[in-house]
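**Student:** Okay, handing you the structure first.
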Amino acid sequence: MIGVQIHMVSKIKQLSLGVLLAMSVTAAQAEIRFNGFASIQAGNTLSSSDRLYGYDNEVDFKNESLFALQAQADLGDRLSVTAQLMGRGANDFNAEFEWAYLTYELNSQTRINAGRLRTPFYRYSDFMDVGYAYDWARVPSSVYNLDFNNLEGISLVRFGQLGEVDSTLQLILGSYSGTTAITPAPADANIERIAGATWELVQGNFSARVAYLTGKLTLVDQDGELSGLLSLLEQSGFAATANQIRIDDASSAFMGLALGYDNGSLVLSGEVVRARVKNTVIPSQNGYYLSAGYRIDSFTPFVSFEQRDNDGKAEIYQALAAENPFRPAVTTVVESFTTKRDTWNIGSRYDFHPSAALKVQFSSQKDKVADRRDQLLTVGIDLVF
Amino acid sequence: MKKFLLASLALASSVCAADIAIIAHPATAEVSMEEVSRIYMGRAGSLMPVNLPENNPLRDQFEQEALGRSPAQMKAYWSRLVFTGKGRPPVEVDSVAAKIEFVAANPNSLGYIPASEVTDQVRVIATLAN
């Protein structure tokens, strides 16, 4: 416990002062509860040229493995503080705070969380790292593909009933700063004024969820290649083209719809998402998945299909004359945003222990732009404790 | 298939499957089984649910009969809430005796015990017959 606190202090720069103060008060006088989860996943692709989800043809135990420890302290009077420290194998298990927030329970049906939170884009956003909470080896990447997983802000969650239907409404406000990639170069990302709402309804075996979020997105490429091109375009009298590409304080919107059915044996789920970043090179982002599983005692075999379909905004380079010297460079940038991928997954979960599940999954992805197929087999264990 | 599984489950556990009494403090008003289920799933905060430890056969039986979920499904369900700031599982006590004591002492609490062990310290809200 002391070791954990020392580690927390070394990472504390990411925490707000309020959370920090609360933690130190808590350590002195309140009981701290610890929970955790872990995934140990091994994978390798089926042939030497296949690459998928960070795996290649060498067996890799690190890429998708992760460990997380959550500490939660009740401060009394309906106030509590929670911090979740996570180390991802892909990041050399360097621990970082994925979540760190204060919770105030307004009443038994309403709670307010403030601090570092998960941005609730998707049905499984909140627990996408908790492999034990779902049957797949990983959440479908064709849908779960935004890099902006977390935000700093405030969220209100309200549970309620509408007749027979259980309702969970979440409102969220905040901002994000971090890194992402402008295909394929790394970029600094900022999203200001994130505002969103999600609404989940459950009746018996059926569930439905809608999400709508907006924000102002700014992306700046770290290597300066894209920024350089934009400057050149402007200096050469093609400011209009530069403005169609630049991602600066761009109005962005995200929409998601998820449906689920679970009668204890048959487990069906599907989710469709669309994201738009207005007046930039980023085209409409479209993805969906469908998944079906069947529980037989401790086994849950499943099959799922995912699709990603983003069309680069060809009108940006088509507006330039064929002999325009910038046209090839602009075309390359625009087309780097074209993504067309189909993925099939088949696998099974096996609940072999009260706190652990074994998963085997085979994934086959067809990249229709690069015209290649990559196949991957992963075996993993997910734990909660 | 499901019926067959349930039937074989019932057969396998018939040795220990007892009637379960849902109990509350004597001052508690009527609570429907639907509400009991909601409370134990963390979806309604009207009463404070009291659980037995993991791997306790009575808890497994209660969760299967009243909530329709296996222990692994319950664990997955709670892991979705615990790690996301959306809720926390019911408090746990070590034994049926401790549970009766807890419910008798806390006007807003709710529990389940073998029907054969009901005392006059608590009120029986419903019985899950086997």
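**Student:** In percent, what relative contact order does chain A have, based on Cα pairs under 8 Å that are 6 or more apart in sequence? Walk me through the intermediate numbers first.
**Tutor:** Numbers: 959 pairs, mean separation 51.9, N = 385.
Relative CO of chain A lands at 13 percent.
**Student:** Here is a further query. For the stretch A:2-384, compute Rh as the Kirkwood radius over C-alpha pairs and then the Stokes-Einstein diffusion coefficient at 4 °C and 1.567 mPa s; write the answer in µm²/s, rounded to an integer. Display every interim value, and only then the final one.
**Tutor:** On the way: Rh = 22.8 Å.
In µm²/s, the coefficient is 57.
**Student:** Apply the Karplus curve 6.51 cos²θ - 1.76 cosθ + 1.60, θ = phi - 60°, to the phi angles in the stretch B:54-64 and return the couplings in whole Hz, x for Gly and Pro.
**Tutor:** 4, 6, 6, x, 5, 5, 4, 5, 4, 5, 5
**Student:** Between A:Phe362, A:Ala314, A:Tyr350, whose Cα lies farthest towards the positive end of the dipole of the stretch A:304-363 when Lys and Arg beta carbons carry +1 and Asp and Glu beta carbons carry -1, centred on the Cα centre?
**Tutor:** A:Tyr350
**Student:** Calculate the translational D of the stretch A:323-385 in whole µm² s⁻¹ from Stokes-Einstein, where the hydrodynamic radius comes from the Kirkwood formula applied to all Cα pairs, the temperature is 25 °C and the viscosity 0.890 mPa s. Provide the component values of the computation, followed by the final result.
**Tutor:** On the way: Rh = 15.1 Å.
In µm²/s, the coefficient is 163.
**Student:** What does the helix-only formula give at 222 nm for chain B: each DSSP H stretch with n ≥ 4 adding -39500 (n - 2.57), the total divided by the residues, and the result rounded to the nearest 500 deg cm²/dmol? Show your work: numbers first, answer last.
**Tutor:** Working: 5 runs with 52 residues, N = 130.
Taking each H run of at least 4 residues, the total per residue is -12000 deg cm²/dmol.
**Student:** Percent of Cα-Cα pairs per 5 Å bin, from 0 to the last occupied bin, for the stretch B:18-128, please list those.
**Tutor:** Percent of Cα pairs in each bin: 2, 13, 24, 27, 20, 9, 3, 1.
**Student:** Over the stretch A:163-293, what is the relative contact order in percent, taking alpha-carbon pairs closer than 8 angstrom and at least six residues apart?
**Tutor:** Working: 295 pairs, mean separation 25.1, N = 131.
It comes to 19 percent, rounded to a whole number.
**Student:** Provide the convex hull volume over Cα atoms per residue for the stretch A:247-286, in Å³. Let's see the in-between values first.
**Tutor:** Working: hull volume 2.4 nm³, N = 40.
Roughly 60 Å³ of hull volume per residue.
**Student:** What three numbers, in Å, describe the spread of the alpha carbons of the stretch A:65-122 along their principal axes, ordered from the longest?
**Tutor:** If we take the Cα atoms of the stretch A:65-122, the spans are 40, 26, 15 Å.
**Student:** Also, I was wondering about something else. Could you work out, residue by residue across A:131-137, how many beta carbons of other chains sit within 10 Å of that residue's beta carbon, and then give the average as an integer? Display every interim value, and only then the final one.
**Tutor:** Details: counts 2, 6, 10, 3, 1, 0, 0.
Mean inter-chain Cβ contacts per residue within 10 Å come to 3.
**Student:** Can you tell me the 0 to 90 degree angle between the C-alpha axis of helix A:225-235 and the longest principal axis of chain A, rounded to 10?
**Tutor:** Its long axis makes an angle of about 40 degrees.
**Student:** Also: How large is the translational diffusion coefficient of the stretch A:23-180 in µm² per second when you combine the Kirkwood radius over alpha carbon pairs with Stokes-Einstein at 25 °C and 0.890 mPa s? Kindly include the intermediate steps, with their values, before the conclusion.
**Tutor:** Numbers: Rh = 17.7 Å.
Answer, rounded: 138 µm²/s.
**Student:** Considering only A:Ala189, A:Leu173, A:Leu162, whose Cα is most displaced toward the positive end of the charge dipole of the protein assembly as shown, charges sitting on Cβ of Lys, Arg (+1) and Asp, Glu (-1)?
**Tutor:** Value computed over the given set: A:Leu162.
**Student:** If you take every residue apart from A:Glu105 with its C-beta less than 12 Å away from the C-beta of A:Glu105, what net charge results, scoring Lys and Arg +1 and Asp and Glu -1? Could the numbers behind the result be given before it?
**Tutor:** Values: positive: A:Arg78, A:Arg111, A:Arg158, B:Lys86, B:Arg88; negative: A:Asp74, A:Asp77.
So the environment of A:Glu105 carries a net charge of +3.
**Student:** Hey, got the dipole for chain A? About the Cα centre, +1 on K and R Cβ, -1 on D and E Cβ, debye to the nearest 20? Each step should come with its number before you reach the end.
**Tutor:** Values: 32 positive and 43 negative charges, 84 e Å.
That gives chain A a dipole magnitude of about 400 debye.
**Student:** Moving on to the next point. When Lys and Arg each count +1 and Asp and Glu each count -1, what net charge do the other residues less than 11 Å away from B:Phe83, Cβ to Cβ, add up to?
**Tutor:** Working: positive: A:Arg118, B:Arg80, B:Lys86, B:Arg88; negative: A:Glu98, A:Asp126, A:Asp129.
Every neighbour counted, the sum reads +1.
**Student:** Which net charge results for the neighbourhood of B:Ala126, defined as the other residues with beta-carbon distances under 15 angstrom from its beta-carbon, given Lys and Arg at +1 and Asp and Glu at -1?
**Tutor:** Details: positive: B:Arg38, B:Arg123; negative: B:Asp19, B:Glu30, B:Glu34, B:Glu35, B:Glu65.
Once all neighbours under 15 Å are counted, the net charge is -3.
**Student:** What's the angle, to the nearest 10 degrees (0 to 90), between helix A:17-29's Cα axis and the longest principal axis of chain A?
**Tutor:** With rounding to tens, the tilt is 20 degrees.
**Student:** Note the count of lysine pairs whose C-alpha atoms are less than 18 angstrom apart in chain A, limited to pairs 8 or more residues apart or on different chains.
**Tutor:** On the way: A:Lys62/A:Lys359; A:Lys216/A:Lys278; A:Lys278/A:Lys313; A:Lys313/A:Lys340; A:Lys313/A:Lys368; A:Lys340/A:Lys366; A:Lys340/A:Lys368.
Taking chain A as the scope, the lysine pair count is 7.
**Student:** Convert each backbone phi in the stretch A:116-132 into a coupling constant with the Karplus relation 6.51 cos²θ - 1.76 cosθ + 1.60 (shift: θ = phi - 60°), then list the ³J(HN,Hα) values in order as whole Hz, x for Gly and Pro.
**Tutor:** My calculation for the stretch A:116-132 gives 8, 10, 7, 6, x, 4, 10, 4, 9, 3, 4, 10, 5, 7, 8, x, 4 Hz in order.
**Student:** Please identify the GluC sites (Glu not before Pro) of the stretch A:292-323 that satisfy two criteria: DSSP loop assignment and at most 12 other Cβ atoms within 10 Å. Which are they? Provide the component values of the computation, followed by the final result.
**Tutor:** Working: sites: A:Glu306, A:Glu315, A:Glu323; in loops: A:Glu323.
Passing sites in the stretch A:292-323 are A:Glu323.
**Student:** Can you give the mean number of other chain Cβ atoms that lie within 10 Å of the Cβ atoms in peptide B:82-95?
**Tutor:** 6
**Student:** Figure the gain on full extension for A:Asn205 and A:Val379 (residue separation times 0.36 nm, minus the Cα-Cα span) and round it to one decimal in nm. The partial results should precede the final answer.
**Tutor:** Details: separation 174, 0.36 × 174 = 62.64 nm, distance 2.95 nm.
Difference between extended and current length: 59.7 nm.
**Student:** Something else now. Give the order of A:Asp92, A:Asp135 when sorted by the count of other beta carbons within 10 angstrom, beginning with the fewest. All intermediate terms of the calculation are to be shown ahead of the outcome.
**Tutor:** Details: A:Asp92 8, A:Asp135 21.
Lowest count first: A:Asp92, A:Asp135.
**Student:** Taking θ = phi - 60°, what integer Hz values does the Karplus form 6.51 cos²θ - 1.76 cosθ + 1.60 yield along the stretch A:297-309, in sequence order, with x for Gly and Pro?
**Tutor:** 6, 8, 9, 10, x, 8, 9, 9, 10, 10, 9, 10, 8
**Student:** Return the average number of partner chain Cβ atoms within 10 angstrom of each residue Cβ along peptide A:122-130. Walk me through the numbers on the way to the answer.
**Tutor:** Working: counts 0, 0, 1, 1, 6, 8, 1, 1, 6.
Counting Cβ atoms of other protein chains within 10 Å of each residue's Cβ and averaging gives 3.
Taken together, the values in this text are just the output of simple stated rules run on the coordinates, not laboratory data. Just so it is clear, the structure is predicted and the values come from calculations on it, not from any experiment. Backbone-built Cβ (ideal geometry, glycine too); neighbour counts: all protein chains shown.
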